[in-house]
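Peer 1: So that we are looking at the same thing, I have put the structure below in structure tokens.
Read-outs throughout are calculated quantities, based only on the coordinates presented, and are distinct from any laboratory measurement. Since we're looking at a predicted model, the values are computed, not measured. Quick reminder, even Gly has a Cβ in these numbers, built from the backbone with ideal geometry, and neighbours come from all protein chains shown.
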Amino acid sequence: MSATVRRGVLALDHGTKRTGLACTDALRITSTPLEAFHGPGDSPALFTALQRVLDERDIDTFLVGWPCNMDGTAGPRALDVERFAAALAAKFPRQRVLLHDERLTTKAAEERLRELGMRGKDAKARRDSWSALVLLEDWVRSGEPDTKRVPQG
């Protein structure tokens, strides 16, 4: 019987103007916000930037924030995010792609940044990646559920 080797997770807070990024270490003990991608969320340059992250880090999972309403139903951007996740799965078939509820991640990120004394442009520049960090920490804390897996290719 062989043991499954765990690797890092890259979380994405996908947006139309910026995409926030955060990752775990291979043991999934620590999580770190990365520099956000600045540009359209459907840009080929985003996939190039993600490939660079994969080249630098040992990542086996993309965790994409799934925008839903407070009642758990799909939010207005859910279809766009699902299309992006499908494109991500097709482009990177060696990584699994999961969708995870991103409710209130931006609010939590803004609160954390305020607590760190960041305001205005400094906070805005970091908000998306810190939202991805909150998403990632929530997913790890909830037992790393595999409930909304995006089919590969």
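Peer 1: Calculate one ³J(HN,Hα) per residue across the stretch 41-57 by plugging θ = phi - 60° into the Karplus curve 6.51 cos²θ - 1.76 cosθ + 1.60, and present them in order as whole Hz with x for glycine and proline.
Peer 2: x, 10, 7, x, 5, 5, 5, 5, 5, 5, 4, 4, 4, 4, 5, 8, 10
Peer 1: Right, next: More than 13 Å apart: what percent of Cα pairs in the stretch 37-96 qualify?
Peer 2: Every Cα pair in the stretch 37-96 considered, those over 13 Å come to 66 percent.
Peer 1: Related question: Lys and Arg at +1, Asp and Glu at -1: add these up for the other residues within a Cβ distance under 12 Å of residue 105 and post the number.
Peer 2: Within the 12 Å Cβ shell, the charges total -4.
Peer 1: Please arrange 116, 27, 10 by how many other C-beta atoms lie within 10 Å of their C-beta, fewest to most.
Peer 2: Least crowded to most crowded, the residues run 27, 116, 10.
Peer 1: What's the extension gain from residue 25 to residue 148 if we count 0.36 nm per residue and subtract their Cα-Cα distance?
Peer 2: Difference between extended and current length: 42.1 nm.
Peer 1: Between rounded, prolate and oblate, where does the chain land on the alpha carbon gyration tensor, with a ≥ b ≥ c its root eigenvalues, rounded for a/c under 1.5, else prolate if a/b exceeds b/c?
Peer 2: rounded
Peer 1: Round to the nearest 10 and give me the degree value, 0 to 90, for the angle of helix 120-141's Cα axis relative to the longest principal axis of the chain.
Peer 2: 40
Peer 1: Follow-up question, since we're still on this one. Given points 7 Å out from each Cα along the Cα-Cβ axis, report the residue 111 to residue 54 separation in nanometres with one decimal.
Peer 2: For residue 111 paired with residue 54, the spin-label model returns 3.5 nm.
Peer 1: What is the extension gain from residue 91 to residue 121, computed as 0.36 nm multiplied by their sequence separation minus the C-alpha to C-alpha distance, in nm to one decimal?
Peer 2: Full extension from residue 91 to residue 121 adds 7.5 nm.
Peer 1: Rounded to the nearest 0.05, what FRET efficiency is calculated for residue 141 and residue 35 with R0 set to 30 Å and r the Cβ-Cβ distance?
Peer 2: Step by step, r from the Cβ atoms, then E = 0.80.
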